[in-house]
1. Run the dipole for region 128-258 about the Cα centre, Lys and Arg Cβ at +1, Asp and Glu Cβ at -1, nothing else charged, and hand back the magnitude in debye, nearest 20.
2. Would you mind checking Lys43/Lys184; Lys43/Lys128; Lys37/Lys126; Lys37/Lys174 for any pair whose Cα atoms are more than 31 angstrom apart?
3. Measure nothing fancy, just the Cα-based angle from helix 73-92's long axis to the longest principal axis of the chain, in degrees from 0 to 90, nearest 10.
4. Placing +1 at every Lys and Arg Cβ and -1 at every Asp and Glu Cβ, with all other atoms neutral, what dipole size does the chain have around its Cα centre, in debye to the nearest 20?
5. Do you know the relative contact order of the chain, to the nearest whole percent, from alpha carbon pairs under 8 angstrom that are 6+ apart?
6. Between Asn27 and Ile156, how high is the FRET efficiency from 1/(1 + (r/R0)^6) when r is the Cβ-Cβ distance and R₀ = 35 Å? Nearest 0.05.
7. Hey, got the Cα dimensions of the chain along the principal axes, in Å, largest first?
8. Given contacts defined as C-alpha pairs under 8 Å and at least six residues apart, what's the relative contact order of region 1-127, whole-number percent?
Amino acid sequence: MGLIYILIFVFGAIIGSFLNVVIDRWNTGVGLGGRSKCDATGKPLAWYELIPIVSYILQGGKSIHSKTPLSIQYPLVEMATGFVFVLIFLKFWPLAFRFPPDFMFGLLFNFIIFSILTIIFVYDLKHKIIPDFFVWIFNSLVLLNVLVFYPNILHILAGPIVALPLFLLWIVSKGRWIGFGDVKFALGMGWMLGISSGFSALLISFWIGALVGIVLLLSKILKNHEIPFAPFLIIGTFLTFLYNIDMQSVGLFFMNLI
């Protein structure tokens with residue numbers, strides 16, 4: 001099993017390397033084709049400069065050509081994608097021998113979904129905006145999954161129901177507290193997780209966001225700057241998906257605290 005984990009991690013890191021290209025080139029006018037280049041010199045990168053994680057470490061986090069520091073984004077996204085793929089594999093592994101088609105579909109579908117969410121996560125952190133294209137790809141895929149495999153009215157309504165609290169916050173605050181991109185993203189959360197788990201993901205997102213915000217304010221790192229909320233929504237979505245959290249689980253958690 002150890003070798004399988006390593007292979008899945010390596011595969012995820014390779015996908016993460018491609019996600020970095022998408023994140024860096026999106027909305028820049030530069031296509032996704034063509035070789036990557038050194039930001040400082042414009043010189044095309046050799047194959048040994050493009051090995052996920054390894055190249056960054058061997059180069060000491062600097063460009064070979066210009067000696068300028070490379071963004072820590074590159075190895076972090078590659079490592080995170082590798083670990084996320086391994087966790088997704090572990091979630092679906094029990095189905096591997098009992099229901100092989102379900103195992104393969106669950107694995108590939110969620111590799112794609114969380115690759116899209118990784119792009120949204122990092123792009124929102126960098127630019128304080130959620131790219132509509134990837135949100136609607138995410139929403140379309142999870143809604144299609146619902147219509148094919150869970151075609152009941154409650155699951156179809158889960159998207160609008162889970163998005164409603166964020167929509168109300170957007171209306172009341174006139175967009176100051178939360179962006180409309182977060183509202184659109186919450187549609188997909190509801191379709192992906194269902195009503196109970198969708199609301200659990202929202203609660204987790206707000207808790208983590210509040211905790212991070214307090215830490216940043218106390219440390220004076222944050223000074224009247226916006227905190228992008230999509231990363232917290234994505235963390236909440238991933239934790240809820242991974243551990244099958246629903247409102248009953250949240251209720252039990254609070255009861256144990258009391």
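No value in this document is a laboratory result; all are computed from the given coordinates. Computed from a predicted model, the values in this text were never measured in an experiment. With ideal geometry, Cβ positions are generated from the backbone for all residues, glycine too; neighbour counts draw on all protein chains shown.
1. The dipole of region 128-258 has a size of about 400 debye.
2. Long pairs (Cα-Cα over 31 Å): Lys43/Lys184; Lys37/Lys174.
3. Approximately 40 degrees, to the nearest 10.
4. 580
5. Relative contact order of the chain: 16 percent.
6. Calculated value: 0.65.
7. Cα spread of the chain along its principal axes, largest to smallest: 55, 53, 39 Å.
8. About 33 percent, as a whole number.
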